[in-house]
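Right, one structure below, let's go through it.
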Amino acid sequence: LKRHSDKVVKDFTPDQKELARGVFSKLIEVGQGRADTRRTAVFKELVPAGTTPEAVEAVVNALAQEGVRLITTGGEENGRTVTVAHEKLIDAWPWLRQLVDENRDMIVLQNQINDDAKSWEEKEDSGYLYRGGRLIQVEEQLSASTPDLNELSQAFIQASLAQRQQEVEE
């Protein structure tokens, strides 16, 4: 498994390797006192702001192709979904285990912002924006790490900051 998985990533360009790291970081649910598990994401969640969907698509296709199957895709109806093929891969593949272990806090932050941003978008309600202590905490965490945020997550953070500015000015 290790050899097979490492070969796929080894053949990537440096940019593709970075995209693969981002893809996998968004497909992991960090266990808080329990085992890390796989997480299903909609494809658009995997596209970092400023990156083309086609670049991420090439990486996802390479990881999901027949004979590789490190990730699986499906669910075309409400958007293509992507997930780690098997939870055993998280512990059995040293590259992925190291990615998770070295970036646990960033992965938790990135996934939380993503989930909160989706709720904000779905409900179209400014009540979902971060405020007060939570916004300050997220700002500190964002300055301490560099999560791979998609455009929606970045818009959510910007809207939270704009809301705070508006409240200060009132």
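As a test of the formula, what do you get for the chain when each DSSP H run with n ≥ 4 contributes -39,500 (n - 2.57) and the sum is divided by the residue count, at 222 nm and rounded to the nearest 500 deg cm²/dmol?
-18500 deg cm²/dmol
Express in nm, to one decimal, how much length is gained between Glu66 and Glu102 on full extension, taking 0.36 nm for each residue of separation and deducting their alpha carbon distance.
Computed gain between Glu66 and Glu102 is 10.0 nm.
At a 10 angstrom cut-off on C-beta neighbours, averaged per residue, how do the peptides 122-133, 157-168, 62-73, 15-26 rank from highest to lowest?
Ranked by mean Cβ neighbours within 10 Å, highest first: 15-26, 62-73, 157-168, 122-133.
How many angstrom separate the Cα center of the range 120-135 from the Cα center of the range 1-43?
So the two Cα centres are separated by 29 Å.
Mean projection of the alpha-carbon convex hull of the range 50-146 over all orientations, in nm²?
8.4
Given contacts defined as C-alpha pairs under 8 Å and at least six residues apart, what's the relative contact order of the chain, whole-number percent?
Answer for the chain is 24 percent.
With a 1.4 Å probe and all protein chains left in place, how much accessible area per residue does the chain have, in Å²?
56
Kindly count the pairs of lysines across the range 22-170 whose alpha carbons are less than 22 Å apart, treating pairs on different chains or eight or more residues apart as eligible.
For the range 22-170, qualifying lysine pairs total 5.
Under a cut-off of 18 Å between alpha-carbon atoms, report the lysines in cross-link reach of Lys10, not counting same-chain residues fewer than 8 places apart.
Straight-distance partners of Lys10: Lys2.
If I take every Cα pair under 8 Å that is 6 or more residues apart in the range 109-170, average their sequence separation and divide by the length, what percent do I get for the relative contact order?
After rounding, I find 46 percent.
Under Stokes-Einstein, with the Kirkwood radius over Cα pairs standing in for Rh, what whole-number D in µm²/s applies to the chain at 4 °C and 1.567 mPa s?
After rounding, the answer is 77 µm²/s.
With charges set only on the Cβ (+1 for Lys and Arg, -1 for Asp and Glu), what does the dipole of the range 31-170 come to about its Cα centre, in debye to the nearest 20?
In total the dipole reaches around 500 debye.
Enumerate the residues in the range 114-143 having an amide nitrogen under 14 Å from the point lying 7 Å beyond the Cα of Glu167 toward its Cβ.
126-139
Check Arg39: other-chain or 5+ apart residues with amide H under 5 Å from its amide H, H built from backbone geometry?
Correct list: Ile28, Glu29, Val84.
Counting only protein heavy atoms, what percent of the accessible surface of the range 68-170 is carbon or sulfur at a 1.4 Å probe?
Looking at the range 68-170 in its full context, I get 45 percent from C and S.
The values are calculated or read from the model by the stated rules, or taken from the named source; none is laboratory data. Note that this is a predicted model, so its numbers are computed, not measured. Cβ sites come from the backbone with ideal geometry, for glycine too, and all protein chains shown count toward neighbours. Heavy atoms of the whole protein, side chains included, go into the accessibility calculation; ligands, DNA and RNA do not. Shrake-Rupley method; radii C 1.70, N 1.55, O 1.52, S 1.80 Å.
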